[in-house]
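What follows is a set of notes on a single structure, which appears directly below.
The values are calculated or read from the model by the stated rules, or taken from the named source; none is laboratory data. Predicted model, so just to flag it, every value in this text is computed and none were measured. Don't worry about glycine lacking a Cβ; one is built from the backbone with ideal geometry, like all the others, and counts go over all protein chains shown. These area figures cover heavy atoms from the full protein model, side chains too; ligands, DNA and RNA do not enter into them. Shrake-Rupley method; radii C 1.70, N 1.55, O 1.52, S 1.80 Å.
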Amino acid sequence: MNSKKVVLISGASSGMGRQTAILLSQNGFIVYAGSRTPEKLNDIKTTELIPINLDITKSSNIKLVIETIKKEYNSIDILINNAGYGLVSTVEDLDEEEMFNQYNINVFGLLRLTKEVIPLMREQNSGIIINISSFLGKIGLPLLTLYNSSKYAVEGVTDSLRYELAPFNIRVHSIMPGFFNTQFAKDNLVTNFSTFDDNSPYKRMVSKLAPIIIEQVNKGNDPKEVALMILEIIGNKNFKARATIGEKAKKFLPMKKELSDEDFERRVKEYYQINDLG
């Protein structure tokens, strides 16, 4: 009988997911590294790190993944909901498909996967669910309304699930990273054409804010820091409900708690130089 804990990670082909898969597989866990492009993980594949085709937009695929893991190990001890991307668009320019796709990955996909894993954890009366959120799940920024609100939703899911699953000895946590150098700006930001058009009424805001955000992402913290925090959460049954990590998260989230909404908004505008950009 296998004594190692089994981990399932979504969005594991790059960044935080990839680093977490590597770290956990090196620390005594069996890791199923889920991705829509599992071939990107072949270079780090081992007997403990198993790439698997996981598409969180398809319930049928999720069920197949769960059945595959059950046949091999009959348990999933740790679920890490890491898959996600960011849409850069004004609300005015959004179309229905963009709105749905943002939530389909960041929120509905998380819920689909969690829903299928919970019965295994409940039956074994143990489990850990870690949702990779964002410091933008607690504060808003212009041009990122859909991403912001999807991460706000992740925080709400985390809060409610902590009550719902506590009777079954299942822990639920969220990690709210700041900007991390995970190629997020290159691979995981999707831009709306109209918002970035030269004739957009938001041109000044885009030209001012977008380069700042991209630079901060590219100069962000090492994603290994998130992997190390995940390892810490797993090992500490008394770990707090949510944790911040990264420079921007540690700067803005305590400030938001201390200031009124209006004062905090003024600080954000000053920091990102977005006053009078209409």
Practice item. Could you check, for segment 206-217, whether at least one of its residues is of a type in the set (Val, Ile, Thr), in contact with a Pro (Cβ under 7 Å, 6 or more places away or on another chain) and open to solvent by less than 100 Å² (accessible area, probe 1.4 Å)? Key: no
Check your understanding: What are the pairs, 6+ residues apart or on separate chains, where a residue within segment 13-27 that is part of a helix (DSSP H, G or I) has its Cβ under 8 Å from a residue that is of a type in the set (Lys, Arg) and surrounded by fewer than 24 Cβ atoms within 10 Å (Cβ to Cβ)?
Key -> GLN19/LYS224; LEU23/LYS224
Check your understanding: Under the condition of being touching a residue at least 24 places away in the same chain (Cβ under 8 Å) and within 13 Å of the chain's Cα centre (by Cα), which residue from segment 114-139 is farthest from SER150 (Cα to Cα)?
Key -> ILE129
**Study point:** VAL91 being at pLDDT 95 or above and in a helix (DSSP H, G or I)
**Key:** no
**Study point:** Matching residues in segment 24-37 - criterion: being surrounded by 18 or more Cβ atoms within 10 Å (Cβ to Cβ) and not hydroxyl-bearing (Ser, Thr, Tyr)
**Key:** LEU24, PHE29, ILE30, VAL31, ALA33, GLY34
Point to revise | Matching residues, segment 51-71, being outside any helix (DSSP H, G or I), surrounded by 17 or more Cβ atoms within 10 Å (Cβ to Cβ) and touching a Leu at 6+ places or on another chain (Cβ under 9 Å) | key: PRO51, ILE52, LEU54, ILE56
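Table: residues versus (1) surrounded by fewer than 17 Cβ atoms within 10 Å (Cβ to Cβ); (2) in contact with a strand residue (DSSP E or B) (Cβ under 7 Å, 6 or more places away or on another chain); (3) closer than 29 Å to VAL7 by Cα.
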{"residue": "MET229", "(1), (2), (3)": "no, yes, yes"}
{"residue": "GLY235", "(1), (2), (3)": "yes, no, yes"}
{"residue": "ASN238", "(1), (2), (3)": "yes, no, yes"}
{"residue": "ARG242", "(1), (2), (3)": "no, yes, yes"}
{"residue": "ILE245", "(1), (2), (3)": "no, yes, yes"}
{"residue": "PHE252", "(1), (2), (3)": "no, no, no"}
Practice item. Please determine, by comparing only the residues of segment 260-278 that are touching a helix residue (DSSP H, G or I) at 6+ places or on another chain (Cβ under 7 Å) and of a type outside the set (D, E, K, R), which one is surrounded by the fewest Cβ atoms within 10 Å (Cβ to Cβ). Key: ASN275
Point to revise | Selection status of ALA21, touching a helix residue (DSSP H, G or I) at 6+ places or on another chain (Cβ under 6 Å), open to solvent by less than 40 Å² (accessible area, probe 1.4 Å) and of a type outside the set (Lys, Arg) | key: no
Exercise for review: Hey, can you tell me all the residues within segment 122-147 that are of a type in the set (S, T, N, Q) and buried (at least 20 other Cβ atoms within 10 Å of the Cβ)?
Suggested key: ASN131, SER133, SER134
Review point. Got a sec? Which of SER174, SER200, SER126 is of a type in the set (Ser, Thr, Tyr), at pLDDT 90 or above and in contact with a helix residue (DSSP H, G or I) (Cβ under 6 Å, 6 or more places away or on another chain)?
Key: SER174
Exercise for review: Name the residue, out of LEU189, LEU228, LEU253, that is modelled with pLDDT of 95 or more and in contact with a helix residue (DSSP H, G or I) (Cβ under 9 Å, 6 or more places away or on another chain).
Suggested key: LEU228
Revision key, fill the gap. Within segment 205-225, restricting to residues that are modelled with pLDDT under 85 and of a type in the set (A, V, I, L, M, F, W, C), the one that is nearest to ARG171 (Cα to Cα) is VAL217
